[in-house]
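Below is one structure, written out as structure tokens; the observations come after it.
The values are calculated or read from the model by the stated rules, or taken from the named source; none is laboratory data. Computed from a prediction, not measured in an experiment: that's the story for all the values here. Every residue, glycine among them, receives a Cβ derived from its backbone with ideal geometry; neighbour counts consider all protein chains shown. Surface areas here come from the heavy atoms of the whole protein model, side chains and all, with no ligands, DNA or RNA. Shrake-Rupley method; radii C 1.70, N 1.55, O 1.52, S 1.80 Å.
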Amino acid sequence: MSSKPEQKETHQANGAVLPIVPVDCLTSPDRGQLVEPSDFLGPDSDGVEVVVLESRANAKGVREEDALLENGSQSNESDDTSTDRGPEAALPLKETSFSIGLQVLFPFLLAGFGTVAAGMVLDIVQHWDVFKYVTEVFILVPALLGLKGNLEMTLASRLSTAANIGQMDTPKELWKMITGNMALIQVQATVVGFLASIAAVIFGWIPDGHFSIDHAVLLCASSVATAFIASLVLGMIMIGVIIGSRKMGINPDNVATPIAASLGDLITLALLSGISWGLYKELESKAYVNPLVCAFFIALLPIWIIIAKKNAATREVLYSGWEPVIIAMAISSVGGLILDRTVSDPNFAGMAVFTPVINGVGGNLVAVQASRISTYLHMSGMPGESSETAPRKCPSPCSTFFSSDVNSRSARVLFLLVVPGHLVFLYTISSMQGGHTTLTLIFIVFYMTAALLQVLILLYIADWMVHWMWGRDLDPDNFSIPYLTALGDLIGTGLLALSFHILWLIGDRDSDVGD
């Protein structure tokens, strides 16, 4: 054996010198039969075991996979150049609290300023004629802004997971993922937009008992057109962000979902305001425009369905992914009903500008956490498989926020971003004189209490919901984020309205609430 260079490598284990033999060498020339290990032992090698290793190509692949999963943020474990490594399962992300916070901070602030801009827009357009005389448009606001949770954030989570587990490495795989997912979100956007308009009509009719067919068609056309165009633009942005994140060595889970929301609220609300205003102007002179717009976007549905069905991954979501999207839309519409009832009340002045901010920040943070947990679970297997990382019982708050695992660490980091983030956003709103509200200490205390309680509840629900769905053979990337962001809209709007109501009851005139 010592006469052959490739047989000189040895491995020290338990005091015995063991020869290193690549797997390729254990096969006979015709590759049909394995060579017995005894053929490699000399006459004096009785009782000595042979350590069988993978080929260098396979070992290199394992190292490259580990390097991708650890994302360059850890120690040099993945840089080990030795080839004495057998096949291993994908390891969970190894990130410090500092690296998580550093990667999340910039997109979080960017997304927050996007929600601030959306709030300022809503504060302006609430005085437009279409919002005054077709007040059901306010019910559409949370439902359509929630599309970033129903569609774009779900898209970002799916693509982030696919990128982290190596399903977008080749140009062919990348193109299939792009075309299939873009067609899928166009189908979902059109259907959700149509259903959201129906929900707005119903919720608007229940309190007053008033129904107008012209207003119903206006709501349908505005909702469908807004959902379609916004999803098309934001979907393209998401794909670019995820591809760029991989090339820069950044974990897409940390940046994709917040950036999905950074321009999402602003673009969606601007489109909704502009489209509804334009269609309202045409309502009297050209009544046929509204139904024509509805018919056009609905007629495109078969095209997107055919494209989405050609991709195996999106085909499954196309058939089974409707329940969370539709239920989430209904939950967000309830939040929209609260907004519709309060925004016109002088005692709740400021609700319009602060609602997109508190809802957007809560939804962004919980979407990051849900996407991270989902990726963590995908590294251990497939949904439904028993795994130590996927407990089926309801977790305790201590395990969610105070354990040593990476998901608990990220929950603490995301929770700690709430107060400084909101202070920056409140100062920005105040400096732009938005909301007709002066920031006093008591107002800030009540607002921060609502924001912290909202995120605390959402992060705990995310920890339970993602694991619960995983244990029941449901992919959390497709099912969890719509529910979580919709709950964020409902909880955020409800807590904010409650805070404004308490401020009015205690007579905080210094905050100019109701001025």
Point to revise | Ordering of 341-352, 307-318, 178-189 by burial proxy (mean other Cβ atoms within 10 Å per residue, highest first) | key: 178-189, 341-352, 307-318
Point to revise | Residue-span extension gain [Met382 to Tyr288] - 0.36 nm each, minus C-alpha spacing | key: 28.8 nm
Point to revise | Most to least packed among 423-429, 333-339, 131-137 [average Cβ atoms within 10 Å] | key: 333-339, 131-137, 423-429
Practice item. Write out the chymotrypsin sites (Phe, Trp or Tyr not before Pro) in region 217-299 meeting two conditions: DSSP loop, and at most 14 other Cβ atoms within 10 Å of their Cβ. Key: Tyr288
Point to revise | Order by protection proxy (mean Cβ within 10 Å, highest first), peptides 269-276, 325-332 | key: 325-332, 269-276
Review point. Given the Cα-Cα distance of Thr179 and Ile124 and 0.36 nm per residue of separation, how much length would full extension add, in nm?
Key: 16.1 nm
Check your understanding: What is the sum of charges around Leu218, taking Lys and Arg as +1, Asp and Glu as -1, for the other residues whose C-beta is under 15 Å from the C-beta of Leu218?
Key -> -2
Exercise for review: Report, in whole Å, the centroid distance computed from the Cα atoms of region 102-132 and region 404-425.
Suggested key: 21
Review point. What net charge is computed for the residues neighbouring Leu140, neighbours being all others with C-beta under 13 Å from the C-beta of Leu140, Lys and Arg scored +1, Asp and Glu -1?
Key: -3
Exercise for review: Mind jotting down the distance between the C-alpha centroids of region 333-386 and region 268-295, whole Å?
Suggested key: 28
Point to revise | Radius 13 Å from Cβ of Pro207, net charge of other residues (Lys, Arg +1; Asp, Glu -1) | key: -2
Point to revise | Accessible area in the full protein assembly, largest first, 1.4 Å probe, for His378, His501, His422 | key: His501, His378, His422
Point to revise | Spatial separation of Cα centroids for region 484-508 and region 162-228, in angstrom | key: 27
Practice item. Treat region 104-506 as a sphere of radius equal to its Kirkwood radius over Cα pairs and apply Stokes-Einstein at 37 °C in a medium of 0.692 mPa s; give the translational diffusion coefficient in µm²/s, rounded to a whole number. Key: 155
Point to revise | Dipole magnitude of region 104-506, debye to nearest 20 (Cβ charges: Lys/Arg +1, Asp/Glu -1, about Cα centre) | key: 680
Review point. When the chain is fully extended, how far beyond the present Cα-Cα distance does Ile502 get from Ile213, taking 0.36 nm per residue of separation?
Key: 100.2 nm
Review point. Say each of Ile327 and Trp277 gets a label point 7 Å from the Cα, pointing the same way as Cα to Cβ; how far apart are those two points in nm?
Key: 3.8
Check your understanding: Roughly what would the spin-label model give for Ala295 and Trp205, points 7 Å off Cα along C-beta, in nm?
Key -> 2.3
